[in-house]
Amino acid sequence: MSVIRVSAVVFVSDDMEVLTVRKRGTTGFMLPGGKPEPGESFEETAVREVYEELGLRISVPGLQEIGVFTQPALNEPGMMVEAHVYLAPIVDTSWGKVHPQAEIEQIRWVHPVAGNLEHQAPLNTKAVFPALVEQFEDFDVQKSLTVFMGSSMGNNPVFSVEANRLGLEAARRSVRLVYGGAQIGLMGQMADAALSAGGHVLGVIPEFMVPLEKAHQNLTELVVVETMHERKARMAEEGDAFVALPGGPGTLEEFFETWTWYYLNQHNKPLYLLNVGGYWNPLIEALESMADAGFVDSRYFEALTVVQDVDQLFAELGW
C-alpha cells in the first residue's frame, strides 16, 4: 500500500480544543499541513503550509514534535498517510481570528476527549488525539454542559421537575454545569439540585443583573462580568455542549447566538433543545417552516438535537 508523507500541525486553544480543517470538495477534517516540496524538511513544510492554509506565521524553532503516526489517508482511498506531527507555539487563534485560505474551506475546533469527533480523519481520532491526551494531562478534563433556561418557574410543574432532574443527574455523572448564575426560577432550581448532590456549578452573570436575578452566592464558582456579550462568550467557552430548557426571550437569544456561532464555524459543540412537555414544539415548527422557505441551510441543523427528557439528553451526549 502506498504511503503519503506529510507534515501536520496541532494548534490548541485556551479551552483545550484542537484546530482542524476541511479542504474544498471534501467532507472530512484533518490537521493543517501538507506534503513537503523538494528540499524542504518536515518542519519547514509545517511552517509553509500553516501560512498558506490559515495565514498564521510560525517558525521552525517554535515547533515541538509530538510524533510520527501512520493511518489510512482521509481523502485518498487505499493510501496510507505518514504524518510528522508538531505542536505549534501559542498564537492568536481565538474565535474569529483564524480564517480558512487557499484550498481550505472550513475550520473546526474540536476537543480530543469531549468534542464531537464525527467527520474527523483517522489520523486525528486514532493517533494524534490519543497521543495528545497521553502527553498532556490538561486534555483529560471534566465535561461541562452549558444550560440556557428561564429565570422564572413557568406555569407547568414539569418544567421544575426536569430542571431538578438535570441538576441531580449532572452531579451523579460528574458533569459540571455552566449557567447564568441566578438563584431564582428554573435556573436556581437546577443549581440547587446539583449542589445538593455534590455537583460542580459555574454561574456567569453581568454585574448589572446581580440584583435583578439575585446572583446565587453558594455556587462552586460565580463569575461576574461587565456585559451580556461577555456573559454569553464565557458560557460558550466553558461548555462542551449546550442545552436549552424552557425559558423566554433571553433563553432563546442566548441559545440562538450560540447556535449561529456553530453555523459560522466558530465552534463544533453540539446543541440540544430539551423539549419538556412539548414546550419547544412551536419553535421546532417555526424552524422547519424557515427551512422550507429557504432561509435556513440544512447545515444549520447538523449540531441541533431535540430530546424529550434528561435521560435522553445524557444518552445523546454519551456522558
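The values are calculated or read from the model by the stated rules, or taken from the named source; none is laboratory data. All values derive from a computational prediction rather than experimental measurement. In this analysis, Cβ positions are derived from the backbone assuming ideal geometry, glycine residues included, and neighbour counts consider all displayed protein chains.
General observations
- Among the residues of segment 288-312, those that are hydrophobic (A, V, I, L, M, F, W, C), under 22 Å from the mean Cα position of the chain (by Cα) and part of a helix (DSSP H, G or I) comprise PHE301, VAL310.
- Residue in segment 185-196 that is surrounded by the most Cβ atoms within 10 Å (Cβ to Cβ), counting only those that are within 22 Å of ARG231 (Cα to Cα) and out of contact with any helix residue (DSSP H, G or I) (no Cβ under 6 Å at 6 or more places or on another chain): MET187
For (1) outside the structural domain of ALA171 (by TED's automatic domain parsing); (2) closer than 27 Å to PRO112 by Cβ; (3) modelled with pLDDT of 95 or more; (4) in contact with a helix residue (DSSP H, G or I) (Cβ under 6 Å, 6 or more places away or on another chain), each residue gets a yes or a no:
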residue	(1), (2), (3), (4)
LEU264	no, yes, no, no
HIS267	no, yes, no, yes
MET290	no, no, no, no
GLY294	no, no, no, no
SER298	no, no, no, no
GLU302	no, yes, no, no
VAL306	no, no, yes, no
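- Test: residue in segment 198-213 that is farther than 21 Å from PHE255 by Cβ, surrounded by fewer than 21 Cβ atoms within 10 Å (Cβ to Cβ) and within 21 Å of the chain's Cα centre (by Cα): yes
- Remark: pairs (first residue in segment 102-119, assigned by TED's automatic domain parsing to the domain that holds GLU52; second residue acidic (Asp, Glu) and not in a loop (DSSP other than H, G, I, E, B); Cβ separation under 9 Å; 6+ apart in sequence or on different chains) = ALA102/GLU52; ALA102/GLU53; GLU103/GLU52; GLU103/GLU53; ILE104/GLU52; ILE104/GLU53.
- For segment 79-100, filtered to residues that are modelled with pLDDT of 85 or more and assigned to a loop (DSSP other than H, G, I, E, B), the residue that is nearest to the chain's Cα centre (by Cα) is ALA88.
- Here is the figure for segment 30-78: residues that are assigned to a loop (DSSP other than H, G, I, E, B) and within 26 Å of the chain's Cα centre (by Cα) total 10.
- Within segment 147-166, residues that are assigned by TED's automatic domain parsing to the domain that holds ALA197 and among the hydroxyl-bearing types (Ser, Thr, Tyr) have Cβ atoms under 6 Å from residues that are exposed (fewer than 15 other Cβ atoms within 10 Å of the Cβ) and assigned to a loop (DSSP other than H, G, I, E, B) in no pair, counting only partners at least 6 apart in sequence or on another chain.
- For segment 142-179, the candidate set comprises residues that are within 24 Å of the chain's Cα centre (by Cα) and part of a loop (DSSP other than H, G, I, E, B); within that set, the residue that is surrounded by the most Cβ atoms within 10 Å (Cβ to Cβ) is MET149.
- One residue alone among VAL158, VAL204 is closer than 23 Å to ASP14 by Cβ and in contact with a helix residue (DSSP H, G or I) (Cβ under 6 Å, 6 or more places away or on another chain), and that residue is VAL204.
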